[in-house]
Amino acid sequence: MDKLVVRKSGPLMGEVVISGAKNSVLKLMAASILANDVCVIENVPNLQDVRVMAEILVALGMKVEWTKRNELTITPAEELLTEPPYDLVQKMRASIVTMGPLLAKAGKARLAQPGGCAIGERKIDLHLKGFAALGVEIKQSHGCVEGIADKLVGSTIYLDFPSVGATENIMMAAVLAEGVTIIENPAKEPELTDLANFLNKLGANVKGAGTDTIRIKGVERLGGAVHSVLPDRIEAGTYMVAAAVAGGDVLVRNVMPNHLKAIVAKLQESGAEIEVFDEDVRVKSTGKLNSIDIKTLPFPGFPTDMQAQFMALISVAEGVGTITETIFENRFMHATEFSLMGADIKVEGHSAIVQGGSSLEGANVKATDLRAGAALVIAALVADGPTTIHNIYHIDRGYDLFEEKLKGLGVDITRVSGK
Ligand code: UD1
């Protein structure tokens, strides 16, 4: 398996251009199952997860082509199959979002039941509760979840928790349902709004994405569309934290500053200097930062996908910081890896108490999930001696041109290929 070797680097200087959002493009691709004409998706990041989703669509009978470096053209299936294969589904939890579109378009879907993962149980009860409210009969047996419906009928659905995946899945199931569906307490993440915009371009009638109530009026048929994926706020945040920790002056380009408010606020509180432009943000830092407290929350709160990167920041900042994780029950696996580098972190239930001011040392560490992998690279920027990061397939799932972009800022990073 490949490894990354990162040596102390900085100050970071230059520009980094942010790619399309992983958490948006995967849902747009799933939504293209609903289309009856060709969909062209632009600004697509070239990621492992995107390739897996493309394989799933192909397995369902659709045609998926890279028509330009960052453009996918997706052609509807002549005969849509409804069972995404096990070996692809188990590679990526987000494959569950094919279920809503399949139920809407074909009236049935059968997928391997997603299991737990390193960061938590990752249940799908809210997805299934929503489908059931639309008239889908759900069966769970032999490790699979299956839904069947003669027709889907609009309904009012209250989500006990604003789950991103459940909101998206229910929204995609409801666009072709008879009548009106109302989702109360939905997720408000920007990627979900991007999905609603795409569905509307296909001919759907979705209103209120990004607010407390989403209203979907079912339509009979959806066409095709051309759509550009919104910029990845988590990728942007990752480079912003890297610049703050290593010090330097970095222009992070092609972002939506509105989506970065929590990250900008926390970086400013830590002492980094941030300038916000229309589509860019500039991070200037001496590398001398103060500790901060973090609490992860649904959007517009602080994103759980930035928690690990900020743990790297607090580890080397001045003072003590507390991180409270409210979204996933077990998302502190990376604390042990940071400790191997000399960080002082105590995990107590949903909180991690990070004693800042540690002098980090290079070590052999492993990426425990996608964002944890990026966070270890950030820690390695200020560690003495080389850090070797293992299990980087996690990073490849979600960061487009990761090494190239870091090298462009002056980071000493090398990929070592292995079996
Ligand atoms: C998405 C993002 C992920 C991000 C997360 C939270 C994608 C591909 N992934 O994941 O990067 O970290 O949002 O912002 O977009 N839950 C239930 N029952 C359900 C569904 C969820 O209990 O039916 C729980 C989960 O176990 C978890 C919490 O709700 O503890 C949040 O999950 P959810 O918002 O659904 O995250 P994902 O859509 O899986």
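The figures follow:
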item	result
Cα centre as origin, Lys/Arg/Asp/Glu Cβ charges: the stretch 272-419 dipole, Debye	340
The stretch 273-419: translational diffusion in µm²/s, Stokes-Einstein, Kirkwood Rh over Cα pairs, 20 °C, 1.002 mPa s	135
By average C-beta atoms within 10 angstrom, highest first, the peptides 159-171, 342-354	159-171, 342-354
Simple label model, 7 Å out from Cα along Cβ direction - residue 69 to residue 138, nm	4.3
Links that overshoot a 29 Å alpha carbon limit, given the list 8/366; 27/217; 68/407; 207/405; 261/407; 288/366	207/405
Reduced Cα scattering model of the stretch 139-193, Debye log10 I(q)/I(0), q = 0.19, 0.25 Å⁻¹	-0.76, -1.04
Anisotropy class of the stretch 109-208 from Cα gyration tensor, a/c 1.5 cut	oblate
HN-Hα J in Hz across the stretch 219-227 - Karplus 6.51, -1.76, 1.60, θ = phi - 60°, x for Gly and Pro	10, 7, 8, 10, x, x, 6, 10, 8
Nearest-0.05 FRET efficiency for residue 318 and residue 77, computed from C-beta distance (R0 56 Å)	0.45
Rg/Rh for the chain, where both radii come from Cα atoms and Rh is the Kirkwood radius	0.98
Spin-label pair residue 288/residue 178, simplified geometry with 7 Å Cα→Cβ offset, distance in nm	7.1
Efficiency of FRET between residue 150 and residue 212 - r from beta-carbon atoms, R0 22 angstrom, step 0.05	0.10
C-alpha long axis of helix 22-31 to longest principal axis of the chain, angle in °	10
Rg and Dmax [Cα atoms of the stretch 1-40; Å; Rg one decimal, Dmax integer]	18.2, 52
Average projection area in nm² (convex hull over Cα atoms of the stretch 21-126, one quarter of hull surface)	6.6
Rounded FRET efficiency, nearest 0.05, which uses the C-beta distance separating residue 269 from residue 86 and R0 of 41 Å	0.35
Mean Cβ neighbour count within 10 Å, used as a protection proxy, ranking 22-28, 150-156, 191-197, 40-46 highest first	22-28, 191-197, 40-46, 150-156
Two-decimal Rg/Rh across the stretch 193-344, once Rg and the Kirkwood Rh are taken from alpha-carbon atoms	1.07
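FYI, it's all coordinate maths here, none of it is from the lab. The structure presented is a predicted model; accordingly, all values stated were derived computationally and were not measured. For neighbour counting, all protein chains shown are included, and Cβ atoms are generated from backbone atoms with ideal geometry for every residue, glycine included.
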